[in-house]
Amino acid sequence: MFKHILSKLPKKSSKSSKNQEVHAAFTPVIDNSISSKSSDIGSKKLGNPINTSLATLYSASNIGQNQVDKLSVGASSKLNGTSVATYEALPSFRDVPGSQKENLFIRKLKMCCVVFDFSDATKNLKEKEIKRQTLLELVDYITTVNGKFAETVMEEAIKMVSANIFRSFTTQPRENTVLGAYDLEEEEPLMDPAWPHLQIVYEFLLRFVASPETDAKSAKKYIDHFFVLNLLDLFDSEDPREREYLKTILHRVYGKFMVHRPFIRKSMNNIFYTFVFETEKHNGIAELLDILGSIINGFALPLKEEHKLFLVRALIPLHEPRCLAMYYQQLSYCISQFVEKDCKLADGIIKGLLKYWPVTNSSKEVMFLSELEEVLEATQLPEFQRCMVPLFRQIARCLNSLHFQVAERSLFLWNNDHIYNLIQQNRDVILPIIFPALERNARGHWNQAVHSSTLNVRKIFFDLDPELFKECMLKFQEDEIKEEEVKTRREATWRQLEGIAWKKAVTNEAVLLPL
């Protein structure tokens, strides 16, 4: 019975068999034909940080018999809370035969999938430097390689890029201030401490996309919609260096992958919608509009309805946010491109500007007037006549602004020859609208420059049509008399009210006035 019990106990494996199992688990053999599915480092899902154990994933035996540099199996070190084996530099591309370079390229790509923690400048210094040098080698290789990239190479390249650049942004703590008490333009941008590595990865991606060896038909499987969405999310980075790289890369992707163009435009629209109607917070609006300026410039004529809707629903509402100054130049360029493409859009654009015209923000008003001049410069007479009445009512209010820059900027419109011709042809409608504003400024605006410019504009109208000018003057004087009578009646009514109120002060009787 004792022997029967012992026979049921598990037998202890031998030491040699145990070592074979460990060796088989942690040292997979890598031959010359590496498949895209073998030796994956980290997650297959783009955008997630890759923090898996390297644990002897690479063997140096295939690179050459006399190669000494290889991935070491040393003590594990903590990286982002995950145990990652320390590693050493792989051989240089110069030290391997041409037939083995692609294999080595893939191994270096996988090696660079490890993401280091740059919040602590003292951690993993050796490993960080090894990775930086390896990234530089990858950039050099992708620039000098001859022959189309295999799909395995493209897949591993996109995996490496995704592992390094796709990440969630953590808002860095700033000084305690009231929410509306500071201007974001005056805040210093937060620089990413990982930029020494990120810059090389972005340079790698830029050269990979721009390389003639990258076949667009094959690469679109990996640079797909999900990749583009993650790329667009990165535009919210506070680091301007990163946004500049992203702008260049996305523009190259748009140019090379024609199949993605509608999706890229739609995704950019969604970012603008969220910014305008929900958050009013985004760091990359200027860069996205910069890309759109080039895209709009390439639109074929006649413009598609999709593009006109984009103008009305996204670009024009972008004038509303308070931080317009951060992207005003790029937005103004996009708007002017639309008018140059189709002058019939000018009427809708001008009415859109009037809809979002600032009431209490003088610096924004100056920007609106500058953009208005650019739009009017490309506006033809029929479109101008459809919007000139509400337009010059607003300009009249600007002429009487107490902020001298607003008044002065509105008077500068008469210095533009094209706008001057449009006003001249429609002076019988425009002069009666703006004459009261001109007359008030001429009688005594506090700023001498505004006063002088107003007198010049009055003289222009007088020289153009003296009869119309005199009619407007008579009408203005009549209106002044009527206003004075209304003012007198109002003051008399208030005096009457005060007198009755004093008489009824003792009682609670209601005070009624005859109409």
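Summary of values
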{"item": "FRET efficiency estimate (nearest 0.05) - Cβ-Cβ, residue 418 to residue 356, R0 30 angstrom", "result": "0.80"}
{"item": "Region 283-358 - accessible surface per residue (Å², probe 1.4 Å)", "result": "42 Å²"}
{"item": "Of 364/487; 355/487; 341/364, those spanning more than 30 Å from alpha-carbon to alpha-carbon", "result": "364/487; 355/487"}
{"item": "Residues of region 120-168: accessible area per residue with a 1.4 Å probe, Å²", "result": "43 Å²"}
{"item": "Carbon plus sulfur fraction of accessible area for region 361-471, probe 1.4 Å, in percent", "result": "50 percent"}
{"item": "Calculated FRET value between residue 117 and residue 191, using beta carbons and R₀ = 22 Å, to 0.05", "result": "0.85"}
{"item": "Span from the region 433-454 Cα centroid across to the region 345-418 one, whole angstrom", "result": "17 Å"}
{"item": "Residue pairs, from the table 110/256; 148/217; 308/351; 351/475; 131/247, whose Cα atoms sit over 18 Å apart", "result": "110/256; 351/475; 131/247"}
{"item": "Ranked order, 162, 363 - accessible area, probe 1.4 Å, largest first", "result": "363, 162"}
{"item": "Förster radius 35 Å - calculated FRET efficiency between residue 344 and residue 146, Cβ distance, rounded to 0.05", "result": "0.10"}
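The values are calculated or read from the model by the stated rules, or taken from the named source; none is laboratory data. Everything numeric here is computed off the predicted structure, so don't read it as measured data. Because the Cβ atoms are built from the backbone with ideal geometry, glycine has one as well, and the counts that use them run over all protein chains shown. Keep in mind that these areas ignore ligands, DNA and RNA; they rest on the heavy atoms of the full protein, side chains included. Shrake-Rupley method; radii C 1.70, N 1.55, O 1.52, S 1.80 Å.
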